[in-house]
Amino acid sequence: MNKAEQELRKKSPIQIKNKKASFEYFFVDTYTAGLVLTGTEIKSIRMGKASLVDTFCFINNGEIWVKGMNISRYFYGSYSNHEPKRDRKLLLNKREIRKLQEATKAVGYTIVPILVFIDDKGRAKMDIVLAKGKREYDKRQTLKEKEDRREMDRMFKRY
């Protein structure tokens, strides 16, 4: 990810994050994918009504899908409102999908969505990562590092 892409993410008014992912996984490789959505889904995302809790990606017939993503029903939607927890297709190059498919064959690797944002052209994008699961002692180490960082921040704020 280059500097320009990072700036776009920071400027995006909508940033729906999967905060639990960095605690549960080591991030190996990051990809940005487009989301295939219906009309009321994009409206709900623009209102910030989505969640990435317990979400994961899988590959089926050369296509990558996100499962478990909750996009709340659009308040002003009518009979054409969407299903909140349906599987949604992601848009990636065939080369990237093949690379992810090969990597997930190894034990302990999975594909996890970490961020949904709106790009400068108004389209919904999702950052996904190839991730390796952490063990229990790795999680404890992550918590300890987080507490140490907080303590150091407190000390520097005093002086």
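List of remarks:
- Charge tally in the Cβ shell below 13 Å around T55, where Lys, Arg are +1 and Asp, Glu are -1, T55 excluded: +3
- Kirkwood hydrodynamic radius over Cα pairs of the chain, then Stokes diffusion coefficient at 20 °C and 1.002 mPa s, in µm²/s: 124 µm²/s
- Debye log10 I(q)/I(0) at q = 0.16 Å⁻¹ for the stretch 15-67, Cα point scatterers: -0.62
- Just the protein heavy atoms count here, and of the accessible area of the stretch 1-152 at 1.4 Å, carbon and sulfur take up 50 percent.
- Most mobile of K17, K121, K85 in a GNM of the chain (Cα contacts under 10 Å): K121
- Amide N proximity, the stretch 25-48 versus Y137 label position 7 Å along Cα-to-Cβ, cut-off under 20 Å: 25-27
- Over 29 Å between alpha carbons, listed pairs K67/K105; K89/K134; K94/K146; K11/K134: K94/K146; K11/K134
- With the cut-off at under 15 Å, measuring from each backbone N in the stretch 36-61 to a point 7 Å along the Cα-to-Cβ line of L91 picks out 36-39, 42.
- Radius of gyration and maximum dimension Dmax of the stretch 32-100, Cα, Å: 13.0, 41
- Pairwise FRET efficiency - F75 versus Q101, Cβ, R0 = 35 Å, nearest 0.05: 0.35
- Per residue, the accessible area of the chain comes to 67 Å², computed with a 1.4 Å probe over protein heavy atoms only.
- With DNA, RNA and ligands ignored, accessible area of D54 (1.4 Å probe; Å², nearest 10): 120 Å²
- A Stokes-Einstein calculation at 25 °C with viscosity 0.890 mPa s, built on the Kirkwood radius of the stretch 56-141 over Cα pairs, returns a diffusion coefficient of 163 µm²/s.
- Summarising the label geometry, the points placed 7 Å from Cα in the beta-carbon direction at F26 and M47 lie 4.2 nm from one another.
The values are calculated or read from the model by the stated rules, or taken from the named source; none is laboratory data. Treat the numbers as computed from the prediction; the structure is a model and nothing was measured. Glycine also receives a Cβ, built like all others from the backbone with ideal geometry; neighbour counts cover every protein chain displayed. For the accessible areas, the whole protein counts, side chains as well, though only heavy atoms, and no ligand, DNA or RNA atoms are used. Shrake-Rupley method; radii C 1.70, N 1.55, O 1.52, S 1.80 Å.
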